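Everything on this sheet refers to the single structure shown next.
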Amino acid sequence: MSAAYSAAKLAIILVGLIIYITLRRTFPERSQPIMAGLLLLLLGRDLAYLAVGAYPLLPLGDVAFAIVLERWLTRKAGHGRRLIPWVLFSLVIAGVGAAELILDNGLPRPVYLLPPAVACAWVILQFYDVTADSVDNSRLIAEVRPAVGYGLFYAQVALAVFGHGSPPSQLVVYPLFYLIPIRILLGYFERGKQDSVEYVRSIRQESESLFSFMRRVSASMAGRADLETTLNVVLSSAMNDTGADGGTVWLLEEENKEEQPLKLRALQGVFPPPLAVPAAVKRSARNFERYLRSLSIAVGDTPIGQAALQRVALFIPDTVSDSRFAANTEREDLSYVSSFVALPLVHGPRVLGVLALVKRRPGVRFSERDFEHLQTFADYATLAIETVATYLELLEKREVERELAIAAGIQQQMVPEHLPESGAAEFAASAFPARGVGGDYYDVVTLNESLTAAIICDVAGKGLPAALLMVMVRTMVRFIASPQRDSGETLTLMNAALAGQLADGHYATVGLFIHDAQAGVLSYSNAAHHPLLVYHQASGRLAQYDTEGLPVGIEGEVQYTSRIIPVASNDLVVMYTDGITEALSPEGEQFGSARLEGLVRNVAAGGAAVTAEAVRSTISDEVAAFTGGARPHDDRTLLIMRVR
Amino acid sequence: MAIELRIEENHALRIVRVFGEVDLYHSHRLKETITELAAVSRSGILLDLGAVGYIDSSGVGVLIFAKALCGKKGIPLRIINAKGPVLRVLELTKLTSYLPLAESEEVALHELERGWETGGG
């Protein structure tokens, strides 16, 4: 080996070192220990070769170079399992090299060519196995891999042709190796510059995508607000922003009740759930979708349920290495998933549900940046979902309430202004409507000089249909009630007339009595209303009277019966609706019929001096005191008659 | 407190499990659900009221509506687990024998199955 040759080699090595040190000085924050290690490795190899001159040092150095390079790649690309065979392989090579050194060139030269050639080919393949959009470092890898690939390839070809020790190899081929780490370092610097530009751009993109999302949500609400539309806007925005192939929104049926399962509320694209799907389902996309829509996921089950339970976003960039996706690895299958993200939708202390996205192309993954974006996005999405849900609840209430207001007007007009007075009986009545309206109605109609009919009625439901039914009942009573019919016949006719007319499910409970002053009796019939209370002064007994029969408006064929109740002077007859007995105290206790009956007994003990109005006002006042003056949740209606 | 409806499928039968309050503000959801189910199911509907804490007259109206609708369409209907305040309301309105109440889910299922065999409800 000539001195000039050695000097040339040293000069090349020095140039490499100077370039490296300059780069490190210029961009200290970008110095890469692995790249420095690679350069030092090359330096060591060449210096050792210069000093010792043993051939096996060169191929051994190449193998070591390939191994370190692959280590760098696996670290950057995020899959590190392939290194181990190469550690073993390099140990074998090291053993062969050591034996070679000891035995001093006992083996033919081609043997040395093989290990570095295989190692380099392996590294090249690894570099080209990284897909363009799968990892954050993939752009750097894509940029430097032509240099790495061609560099290693041509170096190995040249070494095979010229041999390790020949001057062309020593002066041209080996120095080429130095260029590889230097190219990678340059790639870093380039990326560093681009990264800061891109960071600004990504922040802008992020805010733009969130703004556009909020705009889309508001637009969807301006039309006809519904949760489904909002969830779909959430989903399509999230999928657009991250290039997902499928997405779902799962919501807890009742917010924050974790014993309840998550139900699919929105689905776009193809979304294979992270669980084993029956084979029959996988045959068609339609079946698959139907299966998914019927699926419930318990909180804590599968990565989706896990995200809801732990309230932590879950990111599985590569499903291959995750046991939870064991059922999603078949590439040709509908259930294939390559990358997965699940984001809990958390609003304050409550979990609303989970947003889950998948990519399902081999090697295609969500990036760290996608994940970060989605975490911010999930906050906004939760807010949007929550707002729409609250708004809808409000809207629903308001619609009902507007209708109630109209119905209240109708009801108010139907309350009799004056109750008829007769020499035979006096009446007192009051209706205290619940929050402006209820379904109660009462009326007193004089049929002739002896007969007076009194009716109390509680119409099911509230609002317009209920008010209309009330109007019908009122009309019917006035139309049908006559001196020729007893109370049962009146109810039977009224029911027959109403039953066909009402929308399904509308009905009324009706209590009706006709007071016959001459005979001194009541004819009483009841269509499932509260029983009639009569206080008989003579015996000092409070009696309850009832008859069989369904509420009116349900079945046209019902025959209501009458019951004849003898009444005497100063007897008290009490009719009332649910609102009285179901009035609640602040502690949640019901007023109850026993309390009502006790009250009637007490008041009635006053005998002849007790007026109907006194009974009415006593009951009203007691109920009001019992509830602490709270507004009733149901109408409180009272109708009292005192026989004169 | 809102209403929650869970629909289960037992062969061709649909079981609607009702949770919460069937009142003026929420009963329409049960009504809609029954209407939807009655449009697709011919084999029977089972209404489970076991988890209903409160029912008002609108809710009772929906039960009557369900009976009327199913009767019209020839769909067997059973109401199960009416108890506590729900049963009390049905008793007060004298609807316990009018509505197709069944003692238990097993009895209801048995009755519905027998109904299929004999071709009636």
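Identify, from the list B:Arg14, B:Arg42, B:Arg6, the residue that is open to solvent by 20 Å² or more (accessible area, probe 1.4 Å), within 11 Å of chain A (Cβ to nearest Cβ) and basic (Lys, Arg).
B:Arg6
Specify which of the listed residues (A:Glu557, A:Glu587) is within 14 Å of chain B (Cβ to nearest Cβ), of a type outside the set (Ser, Thr, Tyr) and not in a helix (DSSP H, G or I).
Selected residue: A:Glu557, the only one of A:Glu557, A:Glu587 that is within 14 Å of chain B (Cβ to nearest Cβ), of a type outside the set (Ser, Thr, Tyr) and not in a helix (DSSP H, G or I).
One line per residue, one yes/no per condition, for (1) buried (at least 20 other Cβ atoms within 10 Å of the Cβ); (2) at pLDDT 85 or above; (3) within 30 Å of B:Glu9 (Cα to Cα); (4) of a type in the set (Val, Ile, Thr):
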| site | (1), (2), (3), (4) |
| --- | --- |
| A:Ile316 | yes, yes, no, yes |
| A:Leu334 | no, no, yes, no |
| A:Ser339 | yes, yes, no, no |
| A:Lys359 | yes, yes, no, no |
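Has region A:239-257 got any residue that is open to solvent by 60 Å² or more (accessible area, probe 1.4 Å) and among the hydroxyl-bearing types (Ser, Thr, Tyr)?
For region A:239-257, residues open to solvent by 60 Å² or more (accessible area, probe 1.4 Å) and among the hydroxyl-bearing types (Ser, Thr, Tyr): absent.
Might you let me know whether region A:408-431 holds any residue that is open to solvent by 30 Å² or more (accessible area, probe 1.4 Å), assigned to a strand (DSSP E or B) and closer than 30 Å to A:Ala568 by Cβ?
Scanning region A:408-431 turns up at least one residue that is open to solvent by 30 Å² or more (accessible area, probe 1.4 Å), assigned to a strand (DSSP E or B) and closer than 30 Å to A:Ala568 by Cβ.
Matching residues to (1) open to solvent by less than 40 Å² (accessible area, probe 1.4 Å); (2) touching an Asp or Glu at 6+ places or on another chain (Cβ under 7 Å); (3) free of Cβ contacts under 8 Å to residues at least 24 places away in the same chain; (4) at the interface with another protein chain (Cβ under 9 Å from one of its Cβ atoms):
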{"site": "B:Glu21", "(1), (2), (3), (4)": "no, no, no, no"}
{"site": "B:Ser27", "(1), (2), (3), (4)": "yes, no, no, yes"}
{"site": "B:Thr33", "(1), (2), (3), (4)": "yes, no, no, no"}
{"site": "B:Val60", "(1), (2), (3), (4)": "yes, no, no, yes"}
{"site": "B:Pro76", "(1), (2), (3), (4)": "yes, no, no, no"}
{"site": "B:Ala82", "(1), (2), (3), (4)": "yes, no, no, no"}
{"site": "B:Leu92", "(1), (2), (3), (4)": "no, no, yes, yes"}
{"site": "B:Tyr98", "(1), (2), (3), (4)": "yes, no, no, yes"}
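Name the residue, out of A:Asp195, A:Asp133, A:Asp129, A:Asp104, that is modelled with pLDDT under 80, within 20 Å of A:Gln32 (Cα to Cα) and not aliphatic (A, V, I, L, M).
A:Asp195
Does region A:532-546 hold any residues that are of a type in the set (D, E, K, R) and not in a strand (DSSP E or B), and which are they?
Residue satisfying the conditions is A:Asp546 alone.
Here are some residues: A:Gly598, A:Gly579, A:Gly549. Which one is out of contact with any His (no Cβ under 9 Å at 6 or more places or on another chain), not β-branched (Val, Ile, Thr) and not in a loop (DSSP other than H, G, I, E, B)?
A:Gly598
Against the condition within 14 Å of another protein chain (Cβ to nearest Cβ), farther than 30 Å from B:Cys70 by Cβ and at pLDDT 85 or above, how does A:Gln537 come out, does it pass?
no
Yes or no, residue by residue, for (1) open to solvent by less than 10 Å² (accessible area, probe 1.4 Å); (2) of a type in the set (Ser, Thr, Tyr); (3) under 47 Å from the mean Cα position of the chain (by Cα):
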residue	(1), (2), (3)
A:Pro566	no, no, no
A:Thr577	yes, yes, yes
A:Glu589	no, no, yes
A:Ser593	no, yes, yes
A:Leu596	yes, no, no
A:Val615	yes, no, no
A:Ile619	yes, no, no
A:His633	no, no, yes
A:Arg636	no, no, yes
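Considering each of A:Leu58, A:Leu43 in turn, give the residue that is assigned to a helix (DSSP H, G or I) and either open to solvent by 40 Å² or more (accessible area, probe 1.4 Å) or in contact (Cβ under 8 Å) with a residue 60 or more places away in the chain (or both).
Being assigned to a helix (DSSP H, G or I) and either open to solvent by 40 Å² or more (accessible area, probe 1.4 Å) or in contact (Cβ under 8 Å) with a residue 60 or more places away in the chain (or both) holds for just one of A:Leu58, A:Leu43, which is A:Leu58.
Consider region A:540-554. How many of its residues are away from chain B (no Cβ under 14 Å) and in contact with a strand residue (DSSP E or B) (Cβ under 7 Å, 6 or more places away or on another chain)?
So the count comes out to 3.
Search region A:377-394 for residues being open to solvent by less than 50 Å² (accessible area, probe 1.4 Å) and in contact (Cβ under 8 Å) with a residue 60 or more places away in the chain, and hand back the single one that is farthest from the other protein chains (Cβ to nearest Cβ).
A:Phe377
Only residues that are within 15 Å of A:Ser585 (Cα to Cα) and aliphatic (A, V, I, L, M): list them for region A:595-618, please.
A:Leu596
Please name all residue pairs, on different chains or six or more residues apart, with Cβ atoms under 7 Å, provided the first residue is in region A:287-300 and is within 20 Å of B:Leu5 (Cβ to Cβ) and the second residue is modelled with pLDDT under 80 and open to solvent by 20 Å² or more (accessible area, probe 1.4 Å).
A:Val299/A:Glu258
Filter region A:243-259 down to the residues that are at pLDDT 70 or above and more than 14 Å from every other protein chain (Cβ to nearest Cβ) and list them by number.
Within region A:243-259, A:Gly243, A:Ala244, A:Asp245, A:Gly246, A:Gly247, A:Thr248, A:Val249, A:Trp250 meet the criteria.
Which of the residues that make up region A:287-313 are surrounded by fewer than 20 Cβ atoms within 10 Å (Cβ to Cβ), outside any helix (DSSP H, G or I) and in contact with a helix residue (DSSP H, G or I) (Cβ under 6 Å, 6 or more places away or on another chain)?
If the condition is that a residue be surrounded by fewer than 20 Cβ atoms within 10 Å (Cβ to Cβ), outside any helix (DSSP H, G or I) and in contact with a helix residue (DSSP H, G or I) (Cβ under 6 Å, 6 or more places away or on another chain), then A:Ala298, A:Gly300, A:Ala313 are the ones that fit.
Can you tell me which of A:Leu584, A:Leu550 is closer than 27 Å to B:His28 by Cα and open to solvent by 60 Å² or more (accessible area, probe 1.4 Å)?
Matching residue, one of A:Leu584, A:Leu550: A:Leu584.
The values are calculated or read from the model by the stated rules, or taken from the named source; none is laboratory data. Remember, predicted model here, so these are calculated numbers, not experimental data. Please note: Cβ atoms are built from the backbone with ideal geometry, for glycine as well, and neighbour counts cover all protein chains shown. Side chains are part of the model used for accessible areas, which takes the heavy atoms of the whole protein and leaves out ligands, DNA and RNA. Shrake-Rupley method; radii C 1.70, N 1.55, O 1.52, S 1.80 Å.
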